[in-house]
Amino acid sequence: MMRRLFLFFLLVLAAAPAAAQRPPLVLAAASMQEALEDAAGAYAARGKARPVLSFAASSALARQIVAGAPADLFVSADEAWMDAVEARRLLAPGSRATLAGNRLVVIAPRATRLGALRRARDIVAALGDGRLAMADPASVPAGRYGRAALQRLGAWPALADRIAAAENVRAALALVERGAAPLGIVYATDAQASRRVRVVGRFPPASHPPIRYPVARIAASRNPEAEGFRCFLLSPAGRAILRRHGFAVP
């Protein structure tokens, strides 16, 4: 996965040698896919170069930036991975801002007859012999938020060995969509983007750290469109797009 992403970045760079002649390359959390695709389209409709978007787990993208991937903007699904990039002085000073927020939910296949899961122990009971799909709780933001919530609610000891860990939150969503897992933990926006699952439970916001998506420009970027797209995302027009896709905006 990491090698494929790095090769993709090199191909994009090779195809456009002059920064001013190429669209900005945006590395973004997988859960931002539909919202940023719409935002890129709206930005292009203003006569701008349509940003190139690459989606993956924030952890994978942060590591790529640290390894020297030629990116222009980074949108992380948590503060921690943005902090890791900033600690290496790889962010343009003053460019970091909070873009959006989210909620954490439990999903099941749309055809399930399962009722609402109101308590953490209901998740354990509803799993039966199945596994709980979620992004890798060791590194991926959605997984770390999910683990924190389950720990706070006292269900983690019963579920720790029953996790189907996925490389990102959209991969966890896909496991539930295919029926490979009876339940999954994803963001509310992921559930909204899929017609094949439904929400059967919602985690209290206080059960996990606040879900915030920071955006920042990469210090090495020399693409003038990078700052233009960053400002568009933070503008009323950009935030309206995010809100339409279910994200909370500052």
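The values are calculated or read from the model by the stated rules, or taken from the named source; none is laboratory data. Treat the numbers as computed from the prediction; the structure is a model and nothing was measured. Heads up, the Cβs are rebuilt from the backbone with ideal geometry, glycines too, and the neighbour counts pull from every protein chain shown. Areas reflect the complete protein model, heavy atoms only, side chains present, ligands, DNA and RNA absent. Shrake-Rupley method; radii C 1.70, N 1.55, O 1.52, S 1.80 Å.
Look at residue 77 and say whether it is open to solvent by less than 40 Å² (accessible area, probe 1.4 Å) and out of contact with any strand residue (DSSP E or B) (no Cβ under 9 Å at 6 or more places or on another chain). No: the conditions fail for residue 77.
Is it the case that some residue within region 160-167 is part of a helix (DSSP H, G or I) and crowded, with 20+ Cβ neighbours inside 10 Å? Scanning region 160-167, I find no residue that is part of a helix (DSSP H, G or I) and crowded, with 20+ Cβ neighbours inside 10 Å, so the answer is no.
Take the conditions (1) closer than 23 Å to residue 84 by Cα; (2) open to solvent by 10 Å² or more (accessible area, probe 1.4 Å); (3) in contact with a His (Cβ under 8 Å, 6 or more places away or on another chain); residue 152 misses just one of them, which is (1). Is at least one residue of region 65-73 over 21 Å from residue 229 (Cβ atoms), buried (at least 17 other Cβ atoms within 10 Å of the Cβ) and out of contact with any Pro (no Cβ under 6 Å at 6 or more places or on another chain)? Checked against the condition, which is being over 21 Å from residue 229 (Cβ atoms), buried (at least 17 other Cβ atoms within 10 Å of the Cβ) and out of contact with any Pro (no Cβ under 6 Å at 6 or more places or on another chain), region 65-73 yields no hits at all. Would you call residue 40 at pLDDT below 95 and over 13 Å from residue 169 (Cβ atoms)? In short, no.
Within region 191-226, being in a strand (DSSP E or B) and either among the aromatic types (Phe, Trp, Tyr) or under 30 Å from residue 179 (Cβ atoms) (or both) holds for 197, 198, 199, 200, 201, 202, 213. Taking the numbered list (1) touching a helix residue (DSSP H, G or I) at 6+ places or on another chain (Cβ under 7 Å); (2) of a type outside the set (Gly, Ala, Ser); (3) crowded, with 20+ Cβ neighbours inside 10 Å; (4) outside any helix (DSSP H, G or I) in turn, residue 229 passes all entries but (4).
Inside region 47-59, can you point out the residues that are more than 11 Å from the chain's Cα centre (by Cα) and in contact (Cβ under 8 Å) with a residue 12 or more places away in the chain? Within region 47-59, 48, 49, 50, 51, 52, 53, 54 meet the criteria. Among residues of region 186-214 that are farther than 13 Å from residue 108 by Cβ, those with a Cβ under 7 angstrom from a residue that is open to solvent by less than 10 Å² (accessible area, probe 1.4 Å) and among the hydroxyl-bearing types (Ser, Thr, Tyr), sequence gap 6+ or separate chain, pair up as 187/31; 189/31; 190/31; 213/76; 214/76. Working carefully through the options 110, 121, find the one that is more than 19 Å from residue 197 (Cβ to Cβ) and either open to solvent by 40 Å² or more (accessible area, probe 1.4 Å) or of a type in the set (S, T, N, Q) (or both). Unique residue meeting the criteria: 121. Please specify each residue of region 65-81 satisfying the condition of being farther than 18 Å from residue 136 by Cα and either within 18 Å of the chain's Cα centre (by Cα) or part of a helix (DSSP H, G or I) (or both). Those that are farther than 18 Å from residue 136 by Cα and either within 18 Å of the chain's Cα centre (by Cα) or part of a helix (DSSP H, G or I) (or both): 65, 66, 71, 72, 73, 74, 75.
Restricting 222, 239, 217 to residues that are at pLDDT 95 or above, out of contact with any Phe, Trp or Tyr (no Cβ under 7 Å at 6 or more places or on another chain) and more than 15 Å from residue 101 (Cα to Cα) narrows the list to 217. Residue 166 falls short of the stated requirement of being closer than 12 Å to residue 105 by Cα and either touching a residue at least 60 places away in the same chain (Cβ under 8 Å) or within 18 Å of the chain's Cα centre (by Cα) (or both).
Of the residues making up region 94-129, just one is free of Cβ contacts under 8 Å to residues at least 60 places away in the same chain, within 25 Å of the chain's Cα centre (by Cα) and not in a helix (DSSP H, G or I), namely 94.
For residues that are part of a helix (DSSP H, G or I) and either touching a Leu at 6+ places or on another chain (Cβ under 7 Å) or surrounded by 16 or more Cβ atoms within 10 Å (Cβ to Cβ) (or both), tally how many sit in region 43-58. Walk me through it before giving the result.
Looking only at region 43-58, we keep the residues that are part of a helix (DSSP H, G or I), and these are 43-44, 58.
Retained after the next criterion (residues that are either touching a Leu at 6+ places or on another chain (Cβ under 7 Å) or surrounded by 16 or more Cβ atoms within 10 Å (Cβ to Cβ) (or both)): 43, 58.
Number of matching residues: 2.
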